[in-house]
Every structure is written in structure tokens, then in C-alpha cells.
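In what follows, a single structure is set out as C-alpha cells and then discussed.
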């Protein structure tokens with residue numbers, strides 16, 4: 001099995017080391033000091049007090065690696081959009097692309113019933129770039145639950161968790177998902193299968209769409225956002241708006257709002273990923289977490305006043321700080337001359 005981790009950051013690097021040490025043919029696409037450190041010293045993972053170092057092909061140029069069985073995209077949503085054409089050399093006729101990302105994925109409406117079939121979300125895929133260059137038929141949906149961090153270039157620390165949700169967008173069982181799940185299980189990661197991966201995407205997104213921007217705006221940790229009367233109520237109102245949208249498009253929510261918020265409070269004084277990005281001056285992942293939900297609400301003809309207000313404030317804050325992704329004027333991208341999966 002040939003697997004390329006496209007964007008070997010904290011999560012991608014964790015997966016790369018775990019898969020590599022179990023015998024999978026792993027390569028990675030990365031950049032900057034992180035890439036140079038990996039090329040010089042291998043990729044180091046610190047987990048359960050143990051240091052694991054694995055050497056593997058690492059490059060900035062995917063053309064050096066050739067077609068893969070699986071490409072696991074560990075990029076943030078806006079980075080994945082920017083990099084769509086760069087992925088093409090990795091795509092053979094049967095290559096599957098695993099979107100290990102947060103938020104609403106660009107392929108969300110692929111494989112849904114006729115009423116919603118193949119709608120395109122411009123907030124996460126302007127100009128249908130990924131839809132046409134990569135193709136939704138290649139996609140395996142993935143939800144990510146481990147917490148990891150890059151503590152220095154080439155060194156990743158595992159904090160907790162090992163579960164990854166997997167599922168086909170068209171709600172079918174497939175040999176390619178089973179093969180990938182078996183590989184994850186064999187290397188010490190835990191694959192959980194979903195008949196409809198969108199349900200699990202919504203459960204994770206449900207908290208991220210409110211806790212992340214509220215914490216970024218207020219600089220409050222997760223326990224404060226989830227227990228302060230004002231921010232807790234704001235989060236609840238945003239979650240109820242999002243739940244109505246998700247259910248309109250067929251999603252099922254297996255927990256209620258209060259339980260989801262209480263679960264977040266129990267995490268403790270955690271700085272959300274968006275708060276960390278704001279504090280470090282990194283571009284924030286706002287569109288996949290919130291703008292796409294707003295866009296889906298518009299498609300459904302549903303009002304989202306609380307989501308609208310928080311999104312507007314977060315967008316303005318990010319623009320002032322220069323950490324909001326600016327998509328160029330997007331024209332529809334034509335499909336490349338790469339054979340797609342039937």
C-alpha cells in the first residue's frame with residue numbers, strides 16, 4: 001500500500017509515523033523548516049513517553065513521488081484549495097483522497113439524494129477547483145479526533161486520542177475504506193466506520209463552529225466559553241441554528257446541545273485551535289467551520305442571525321490582523337487530463 005500524507009503537519013505527521021512503523025510505504029509532502037528537518041533527521045513522534053523516528057521520502061514537489069493508493073490530505077481547508085493542482089501527480093486511476101480536515105468539506109453534497117445532489121459550496125471551493133481537479137468520486141470522508149502538535153521542525157508530540165472516522169460520501173460500503181481502516185487499526189490508530197460520515201462531521205463541527213470563533217474573539221479558553229452564561233447561551237443559539245441546517249440536508253445528531261456543551265466544558269482550560277492561530281498570527285480556518293454553514297443555510301432558505309453576527313465579527317477581526325484567507329477571483333477550473341474513478 002502506497003500512502004502519501006499531503007501536508008504532514010501535526011496530524012498528518014502523526015499518521016505518517018504510525019503507518020510507516022507498521023510497514024506501510026509512506027511518503028510526505030511538506031514545506032519549510034519542517035520539511036528540511038524531516039529530510040535531514042527523519043520524522044520524530046513523541047508518544048506515551050517514547051520517541052519514534054522514521055525516515056521516509058519527503059518533498060515539496062509531489063511530482064517526485066508518483067501515483068499513490070491513498071493520498072491523505074492533512075491541510076487546512078483553504079490550503080487544500082490552494083494546493084489542488086499540486087496533488088494531480090499523486091493521482092492514478094484508482095487513487096483515493098482522504099480529507100482529514102475540520103469543518104464542512106467541499107464534497108459535502110456528492111452522493112446525496114437527487115434533491116441536493118452535487119450542489120457546490122463556494123465558501124470552501126471557490127470556482128469548483130477541488131471538485132473538478134481532484135473529483136468527489138475519489139473522496140473518503142474522515143473525521144480527526146487525536147490532539148497533536150509540532151513542538152519543533154520535524155518533531156511531533158502526541159497529546160491524546162487515536163480515533164479517526166471514515167466513510168464513503170455516497171453512503172456505500174467499499175473495499176477501499178475497509179483496506180484503509182485495516183491499515184489504521186494495524187498501526188495503533190483506531191478507525192471507526194460510519195454509514196454516513198456527514199453525521200460525524202456535524203458532531204465535531206457543531207462545537208467547532210461556535211467555540212472556535214467565540215474563543216478567538218474573546219481570548220477565553222474552552223471551559224470559560226462553555227460555562228460563562230453569556231457565551232454559553234450564544235454558543236447554544238449558534239448550535240441550534242446549525243443543527244436545523246444539518247437536519248434539513250439529512251444529517252442526524254446523536255447527542256443534544258446541552259450534552260455537547262457540557263462535554264466541551266469538561267475539557268478544561270483548553271485554547272481552541274483558532275485561538276492558537278490568532279495568537280500566533282496564522283491564517284484562521286473560518287470558512288470551513290462557519291461560512292460554509294451560513295452558505296448551507298442560505299441554500300436551505302433558513303435564517304442564521306447568531307451565526308451571521310459571530311461570523312461577521314470574526315471575519316473583521318481576522319482581516320484587520322491579516323489572518324483571513326483571501327481567495328483570488330475564482331474562475332471555474334477545468335478538469336485535468338487525469339482519469340477519474342468510475
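Summary table
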item	result
Check on residue 15, part of a loop (DSSP other than H, G, I, E, B) and either within 18 Å of the chain's Cα centre (by Cα) or at pLDDT 95 or above (or both)	no
Residue ID - surrounded by the fewest Cβ atoms within 10 Å (Cβ to Cβ), chosen from residues in segment 86-97 that are in contact with a helix residue (DSSP H, G or I) (Cβ under 6 Å, 6 or more places away or on another chain) and assigned to a helix (DSSP H, G or I)	86
Residue match in segment 250-273 (condition: touching a helix residue (DSSP H, G or I) at 6+ places or on another chain (Cβ under 6 Å), more than 24 Å from residue 147 (Cα to Cα) and either exposed (fewer than 15 other Cβ atoms within 10 Å of the Cβ) or touching a residue at least 12 places away in the same chain (Cβ under 8 Å) (or both))	yes
Flag if residue 81 is touching a residue at least 60 places away in the same chain (Cβ under 8 Å), part of a helix (DSSP H, G or I) and not assigned by TED's automatic domain parsing to the domain that holds residue 274	yes
Candidate set from segment 234-253 (those that are more than 15 Å from residue 290 (Cα to Cα) and in a helix (DSSP H, G or I)); member that is nearest to the chain's Cα centre (by Cα)	247
Residue 294 being part of a helix (DSSP H, G or I), over 29 Å from residue 107 (Cβ atoms) and modelled with pLDDT of 95 or more	no
Odd one out for residue 4 among (1) more than 23 Å from residue 205 (Cα to Cα); (2) in contact with a helix residue (DSSP H, G or I) (Cβ under 6 Å, 6 or more places away or on another chain); (3) assigned to a loop (DSSP other than H, G, I, E, B)	(3)
Given (1) surrounded by 21 or more Cβ atoms within 10 Å (Cβ to Cβ); (2) under 17 Å from residue 121 (Cα atoms); (3) at pLDDT below 95, number of the condition residue 289 does not satisfy	(3)
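Residues are listed down the side, and each one gets a yes or a no for (1) at pLDDT 95 or above; (2) assigned to a strand (DSSP E or B); (3) closer than 18 Å to residue 23 by Cα; (4) more than 17 Å from the chain's Cα centre (by Cα):
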| residue | (1), (2), (3), (4) |
| --- | --- |
| 157 | yes, yes, no, yes |
| 165 | yes, yes, no, no |
| 172 | no, no, no, yes |
| 178 | yes, no, yes, yes |
| 181 | yes, no, yes, yes |
| 184 | yes, no, yes, yes |
| 188 | yes, no, yes, yes |
| 192 | yes, yes, no, no |
| 198 | yes, no, no, no |
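So that you can scan it fast, the table gives a plain yes or no per residue for (1) in contact with a helix residue (DSSP H, G or I) (Cβ under 9 Å, 6 or more places away or on another chain); (2) in a helix (DSSP H, G or I); (3) without any contact (Cβ under 8 Å) to a residue 12 or more places away in the chain:
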{"site": "99", "(1), (2), (3)": "yes, no, no"}
{"site": "106", "(1), (2), (3)": "yes, no, no"}
{"site": "115", "(1), (2), (3)": "no, yes, yes"}
{"site": "129", "(1), (2), (3)": "yes, yes, no"}
{"site": "132", "(1), (2), (3)": "no, yes, no"}
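The values are calculated or read from the model by the stated rules, or taken from the named source; none is laboratory data. Here the structure is a predicted model, which means the values were calculated and not measured. Counting neighbours? That spans all protein chains shown, and the Cβs are built from the backbone with ideal geometry, glycine included.
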